[in-house]
Amino acid sequence: MRGKIIKGIAGFYYIYAENGETYECKAKGIFRKDNFKPLVGDDVEIAVLDEKEKEGSVTAILPRKNSLIRPAVANVDQAFVIFAMEDPKPNFLLLDRFLVMMEQQEIPVVVCFNKKDLASEQESEKLARIYEGCGYRVVLSSTLKGEGLEEIREILRGKTTVVAGPSGVGKSSITNCMQGEIKMETGEISRKLKRGRHTTRHSQVIPVEKDTFLVDTPGFSSLYLFDMEEEELKGYFPEFRKYEDYCRFQGCRHIHEPDCGVKEALSRQEISSLRYEDYLELYQELKEKRRY
C-alpha cells in the first residue's frame, strides 16, 4: 500500500495511506544500513502488520521530486510564508532570509501578509507592491474577517506546500481554515500522533483534500543562511537580475562598484530600498561568517 509520511519522531513514521487511514510504522533496517533517512513528505510503500492497531513497516521510499534541508521535508511544490501586518509587525530581514533560503533551494514562494484589518490599505498595498516587484505572488488576508482565504485555498489546491512564519502571525488560524471538511479526520490523526512519548514539535504534513497537503513547520524567530558564499547572495534576489547587464564590471556585487545597474535602479526606486538594505546586511553577515 502507498502513502505519505506525515510525521516522523524517534524512529516512528506516521503514514497517511491511500485508504485514508494513518499507520504507525518503523522503517526497515535497510534504510539505516544505506544511511538513507526517510523524510516527512516522502511517498512510501508500506506493509501493514496489524490492521486493528494500524501498525506497519515502511518497505520502500519512492523517488523524491526534491528535498529541503530546513525544514527537512521532501516532495514540496511551493512555500507559503506568512507574516502579520501588525501585532507582531513584520520583520523584513527575517522574511528576506526565508526568501533567500527558498531561492537557494529552488522552491517557489507565495508571500502572505495576514491581519490586514490592523493596517491601512495604503500600507498593505505598498508591501504587496514591493514583493510582487521581486516576482513573488502576494496575498493580503484577514482570518478575523475571512478575507483572502478563498485565494489561499486556490493557491494550495493540488500541491504540497510548506507553510512557514514566525509565531503569532495567524499561521494556525489559516491552516485550520484550510482544513475545512476533514477537520475531524485530521483530529483523529492528531490524536494518534500525540499519544505518549512520541510528542514533539517537528514539521508535519496535514492532508487537506485530495492531492493537497500542508507541511506545518514550527514557528521561527530566527533563520541563518548556510552553505553560501557572500558572492552568491545576489543571485537569490530575483529583482536584481534584469539590471545586472548594465553593470560595468562582470561579477559586480552591487555594493561599492561604480556604474552598477542595480544601484542605478535603486536610485530610480525601481528596486526596493527595504530589500536592498537587507541584501547589504545579509552580505555582511556571510562575509563575517567566512572570517571565523
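The values are calculated or read from the model by the stated rules, or taken from the named source; none is laboratory data. The shown structure was predicted, so the numbers you read here are calculated from the model rather than taken from an experiment. Please note: Cβ atoms are built from the backbone with ideal geometry, for glycine as well, and neighbour counts cover all protein chains shown.
The figures follow:
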quantity	calculated
Tally, over the stretch 38-65, of residues that are of a type in the set (D, E, K, R), within 23 Å of Lys159 (Cα to Cα) and surrounded by fewer than 17 Cβ atoms within 10 Å (Cβ to Cβ)	3
Residue check, Pro90 surrounded by 15 or more Cβ atoms within 10 Å (Cβ to Cβ) and under 17 Å from Thr217 (Cα atoms)	no
Count of residues meeting criterion [in contact with a Ser or Thr (Cβ under 8 Å, 6 or more places away or on another chain) and not aromatic (Phe, Trp, Tyr)] in the stretch 45-103	16
Counted residues, the stretch 237-281 - those being surrounded by 13 or more Cβ atoms within 10 Å (Cβ to Cβ), more than 26 Å from Val109 (Cα to Cα) and aromatic (Phe, Trp, Tyr)	1
Subset of the stretch 131-149 (residues that are over 19 Å from the mean Cα position of the chain (by Cα) and exposed (fewer than 15 other Cβ atoms within 10 Å of the Cβ))	Leu144, Lys145, Gly146
Condition met for Thr212 (at pLDDT below 95, touching a strand residue (DSSP E or B) at 6+ places or on another chain (Cβ under 9 Å), farther than 23 Å from Asn91 by Cβ and among the hydroxyl-bearing types (Ser, Thr, Tyr))	yes
Failed item in (1) without any contact (Cβ under 8 Å) to a residue 40 or more places away in the chain; (2) buried (at least 17 other Cβ atoms within 10 Å of the Cβ), with Ile30 passing the rest	(2)
Flag if Ala128 is surrounded by 16 or more Cβ atoms within 10 Å (Cβ to Cβ), under 30 Å from Ile271 (Cα atoms) and either modelled with pLDDT under 95 or out of contact with any helix residue (DSSP H, G or I) (no Cβ under 9 Å at 6 or more places or on another chain) (or both)	yes
Sole residue being at pLDDT 95 or above, under 18 Å from the mean Cα position of the chain (by Cα) and either closer than 29 Å to Asn19 by Cα or of a type in the set (Lys, Arg) (or both), chosen from Ile152, Ile174, Ile206	Ile152
Of residues in the stretch 218-236 being among the aromatic types (Phe, Trp, Tyr) and surrounded by fewer than 18 Cβ atoms within 10 Å (Cβ to Cβ), the one nearest to Leu68 (Cα to Cα)	Phe226
Unique match (being of a type outside the set (A, V, I, L, M) and either in contact with a Lys or Arg (Cβ under 7 Å, 6 or more places away or on another chain) or modelled with pLDDT of 95 or more (or both)) among Gly235, Gly187, Gly251	Gly235
Candidates Asp96, Asp77, Asp43, filtered to the one that is under 30 Å from Glu150 (Cβ atoms), in contact with a Pro (Cβ under 8 Å, 6 or more places away or on another chain) and of a type in the set (Asp, Glu)	Asp77
Selection within the stretch 10-27 - touching a Ser or Thr at 6+ places or on another chain (Cβ under 9 Å) and surrounded by fewer than 16 Cβ atoms within 10 Å (Cβ to Cβ)	Ala10, Lys26
Residue check for Asp259: at pLDDT 95 or above and among the charged types (D, E, K, R)	yes
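Residue-by-condition table, conditions (1) at pLDDT 95 or above; (2) assigned to a strand (DSSP E or B):
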site	(1), (2)
Lys7	no, yes
Ile15	yes, yes
Glu24	yes, yes
Pro38	no, no
